[in-house]
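Undergrad: The structure under discussion is supplied below as structure tokens; questions concerning it will follow.
The values are calculated or read from the model by the stated rules, or taken from the named source; none is laboratory data. It should be emphasised that the depicted structure is a prediction, and the values quoted were computed from it without experimental measurement. Virtual Cβ from ideal backbone geometry, glycine too; neighbours counted across all protein chains shown. The area values use the complete protein model at the heavy-atom level, side chains included, leaving out ligands, DNA and RNA. Shrake-Rupley method; radii C 1.70, N 1.55, O 1.52, S 1.80 Å.
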Amino acid sequence: MIPKLKHALWERAGADLRILVEDPVEEIVLGDEAGQLERLVELLAEGGRPVAELATALAAAGPWELDASDVEKALEVFDQLGLLFDASPDGLTEWQRERYSSNLEFFATYASLARRPADFQRELLDAHVVLLGVGGASAALQALCGLGVGRLRLVDFDLVESKNLVRQFTYRAEDIGRPKVERAAEWVRAFNQEIAVETVFQRVSGPEDVPALIAGADLVLAGIDQPVAAADWVNDACVAAGIPYVSGGGQGSQLAYWSVDPGRSACWRCQSSEKAAKAGELAALVNRFEGDLPSANRSTGPVVLHLMGLISLEIVRYLTRFAEPVSAGRYHIVDLASGQSSEREWERVADCPVCATAPARSAVEGG
Ligand SMILES: [Zn+2]
């Protein structure tokens, strides 16, 4: 372990050491009459020293008496304050460190002495995500490739149509008439040769189709809107396989996304039985997201990019656990006119037959 200070400024104020943290901006004040902490912070900002070397350098710097255990205690406090990360070698190649440098800076905010920024990136590099549908989800595909998700399976039966080009920017006018999966895979390969991409040109026409399509996935992005029953099929297969999935849609004045964390959150069937129980009260809202209303796709480019951005970030939560998922067993709804968001949690049905099929999973994965 090589402790290093995250982006921060500091100054002395009498007997105090004031540390200004960059993200989120906040001030931490520590009593430091003798100046030991200030010197330690300087050494941590320089970085490159394991604990024993830090102790030696700190002991040599002042009139104070201290040993490695004193330094360890101070590091523990700094770590709890979110000031440190471990800068020891992380196994990424130079190419990866350059390519994913902004990802690593992003994860540095959530890193600690126990978890290096590259450890989060490694989770993405090792992840296998299945996209059931690469229509609107093609925007999430691009985000996932930028993140460096290492393995992708693209499933779709649609051909590129002129009307898709209002929101599906992976496709070009010259692609009209070609299978979306074919063109999307070409895009991925041209974008990043390190990503393994597999295509399945297949219509999901029954529940028996889904298990093979999601096999081996760490996460599924469910982007199939037809037939409506596909939402149930995907739910049932993912829950039984213990694979989390994220889904969402935009209709009219709102967009919404949600996810199911098998065995940990309510599933789509729980939501359906809740809806049936509260028919009338919830139906008007929920119907919009299920496509029961006369079909009219009003999703413009910004709506889909916004939705897929939110979904992609939720996928990063699932894959890296930099934070807990925010949409497990609930709708996250954004009102497009006001920009305001709200959420609606589903009740978990105690005797849900689908939730009962979820395999036992550890309390937290990906950590
Ligand atoms: Zn359920």
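Undergrad: Only one of these is more than 16 Å from the ligand (Cβ to nearest atom) and open to solvent by 30 Å² or more (accessible area, probe 1.4 Å): Ala337, Ala360, Ala350. Name it.
TA: Ala337
Conditions (1) open to solvent by 20 Å² or more (accessible area, probe 1.4 Å); (2) in a strand (DSSP E or B); (3) not aliphatic (A, V, I, L, M), marked per residue:
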position: Tyr110; (1), (2), (3): yes, no, yes
position: Leu124; (1), (2), (3): no, no, no
position: Ala140; (1), (2), (3): no, no, no
position: Leu144; (1), (2), (3): no, no, no
position: Asn164; (1), (2), (3): no, no, yes
position: Thr170; (1), (2), (3): no, no, yes
position: Glu174; (1), (2), (3): yes, no, yes
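Undergrad: Select from the range 146-162 the residues that are more than 19 Å from Val200 (Cα to Cα) and either open to solvent by less than 70 Å² (accessible area, probe 1.4 Å) or touching a residue at least 60 places away in the same chain (Cβ under 8 Å) (or both) and list them in ascending order.
TA: Once the filter is applied, which keeps residues that are more than 19 Å from Val200 (Cα to Cα) and either open to solvent by less than 70 Å² (accessible area, probe 1.4 Å) or touching a residue at least 60 places away in the same chain (Cβ under 8 Å) (or both), the range 146-162 yields Gly146, Leu147, Gly148.
Undergrad: Also: On the given criteria, is Arg344 open to solvent by 70 Å² or more (accessible area, probe 1.4 Å) and not hydroxyl-bearing (Ser, Thr, Tyr)?
TA: yes
Undergrad: Something else now. Based on what the data block shows, is Val326 surrounded by fewer than 17 Cβ atoms within 10 Å (Cβ to Cβ), closer than 29 Å to Gln121 by Cβ, in the same structural domain as Ala266 (by TED's automatic domain parsing) and more than 14 Å from the ligand (Cβ to nearest atom)?
TA: So Val326 fits the description; yes.
Undergrad: Taking Leu131 and the conditions (1) in a loop (DSSP other than H, G, I, E, B); (2) surrounded by 20 or more Cβ atoms within 10 Å (Cβ to Cβ); (3) in contact with a strand residue (DSSP E or B) (Cβ under 8 Å, 6 or more places away or on another chain), which numbered condition does it fall short on, given that it satisfies the others?
TA: Just one mismatch for Leu131, condition (1).
Undergrad: Another question, then. Across the range 246-274, which residue is most open to solvent (accessible area, probe 1.4 Å) among those that are more than 15 Å from the ligand (Cβ to nearest atom) and not in a strand (DSSP E or B)?
TA: Ser253
Undergrad: Return the pair list, or none, for Cβ contacts closer than 6 Å from residues in the range 24-52 that are assigned to a strand (DSSP E or B) to residues that are of a type in the set (Val, Ile, Thr), at least 6 apart or on different chains.
TA: Ile28/Ile19
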